[in-house]
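Beneath this line is the structure, given in structure tokens, with notes to follow.
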Amino acid sequence: MKTIEIMDPLKNNARLAGVFYLVVILTGLFSELAVRSEIIVPGDAAATAAHIADKEFLFRMGFVSDLVMVMSDVVLALLFYLILRPVNNALSLLAAFFRLAQASVLGINLLNYYWPLLILKDQFMAPFSEVQLNALVLFFLNAHSYGYLISGVFFGLSCLILGSLLFKSTYFPRWLGSLVVAAGASYLIDCLTNFLWPEYAFISELLVFSVAVISELSLCLFLLIKGTSKHEIRVSGIIK
């Protein structure tokens, strides 16, 4: 009878997850703060269209950045499943499925982001007036923002399950699991508020920025720096 140590691959997967989580955070922040906030002028279709034309390369960089974020999220879904399946295989698989659903929605939603560029540059749009083209540009960018909200439902559910698994595990601190559960709840509240009570959306957005951002940064840094806690996981078996 011999005890087999399995902590090393678990810690390696955790640190790798931290790297991909950092990529998700950095690319997401770049797309939102450096691109969309610089180009989109809420309620002003003409100004938004003019910004896209003037900063076309930046607009394209935002698309590529979001694409990298989505692909990194797919890898994260697999890594979190590998890390947390010793806690509960079925729930860790469900969390991965919800995260993959989120990535799928975000990937398809990128079409709404890219349509404005095609609308402004495609010669087949020539029969439309400038006012009509500008209105379509802002329409698709607004649709893109709602696509993000829809993806947030799947992400919120994934975080609820992920956080509960982190809380139950012996190799992550319970406070980290609690933070991730709180983040999942804040995403779900924000999504439901935007669709049911949009006049209160500014409150739910503050909740996301204050809770979810702290939670995800904490998880990312913990994975990068520590990987897992000092608790060890061991399985026993007969080695011939």
Total Lys pairs in the chain closer than 25 Å by alpha-carbon, pairs eight or more apart in sequence or interchain only?
9
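Equivalent ellipsoid semi-axes for the stretch 105-240, as square roots of 5 times the alpha carbon gyration tensor eigenvalues: give them largest first, rounded to whole Å. Kindly include the intermediate steps, with their values, before the conclusion.
Working: eigenvalues 357, 75, 27 Å².
Three semi-axes, in Å: 42, 19, 12.
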Considering only protein heavy atoms, what is the solvent-accessible area of GLU205 at a probe of 1.4 Å, reported in Å² to the nearest 10?
80 Å²
Per residue accessible area of the stretch 25-124, 1.4 Å probe, in Å²:
49 Å²
Could you tell me the extents of the stretch 26-160's C-alpha atoms along the three principal axes, largest first, rounded to whole Å?
59, 25, 23
Could you work out which residue, out of TYR200, TYR114, TYR81, moves most in a Gaussian network model of the chain, that is, has the largest mean-square fluctuation with Cα springs under 10 Å?
TYR200
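First compute the accessible area of the chain with a 1.4 Å probe, then give the percent of it belonging to carbon and sulfur atoms. Don't skip to the end; give the middle numbers.
On the way: 8980 of 12680 Å².
Carbon and sulfur: 71 percent of the exposed surface of the chain.
Rounded to the nearest 500 deg cm²/dmol, what is the calculated helix-only ellipticity per residue at 222 nm for the chain, with -39500 (n - 2.57) per DSSP H run of length n ≥ 4?
On the way: 8 runs with 177 residues, N = 240.
Helices in the chain give a 222 nm mean residue ellipticity of -25500 deg cm²/dmol.
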0 to 90° range, to nearest 10: angle between helix 89-121 axis and the chain longest Cα axis:
20 degrees
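Please work out the FRET efficiency for the pair GLU56 and LEU22, using the Cβ-Cβ distance as r and a Förster radius of 22 Å; give the result to the nearest 0.05. Mind showing how you got there, number by number?
On the way: r = 28 Å, r/R0 = 1.28.
After rounding, the FRET efficiency stands at 0.20.
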Helix 56-84 sits off the longest principal axis of the Cα atoms of the chain, rounded to the nearest 10 on a 0 to 90 degree scale, by 20 degrees
Can you give the extra length, in nm with one decimal, that the chain gains between SER104 and ARG174 once fully stretched, where that is 0.36 nm per residue apart less the Cα-Cα distance?
22.2 nm
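Relative contact order (percent) for the chain, with alpha-carbon contacts under 8 angstrom and 6 or more residues of separation?
Working: 345 pairs, mean separation 66.8, N = 240.
Value for the chain: 28 percent.
Estimate the FRET efficiency between ARG15 and ALA201 by the formula 1/(1 + (r/R0)^6), using the beta-carbon distance for r and 41 Å for R0, to the nearest 0.05.
Values: r = 37 Å, r/R0 = 0.89.
Result of the calculation: an efficiency of 0.65.
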Identify which of the listed values of log10 I(q)/I(0) by the Debye sum over Cα atoms at q = 0.08, 0.16 Å⁻¹ was calculated from the structure shown: (1) -0.37, -1.11; (2) -0.27, -1.16; (3) -0.34, -1.22.
(1)
Degrees separating the helix 7-29 axis from the principal Cα axis of the chain, which is the longest one
10 degrees
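The values are calculated or read from the model by the stated rules, or taken from the named source; none is laboratory data. Model, not experiment: these values are computed from the prediction. Glycine gets a Cβ as well: all are built from the backbone with ideal geometry, and neighbour counts include every protein chain shown. In case anyone asks, the SASA skips ligands and DNA or RNA and just uses the protein heavy atoms, side chains included. Shrake-Rupley method; radii C 1.70, N 1.55, O 1.52, S 1.80 Å.
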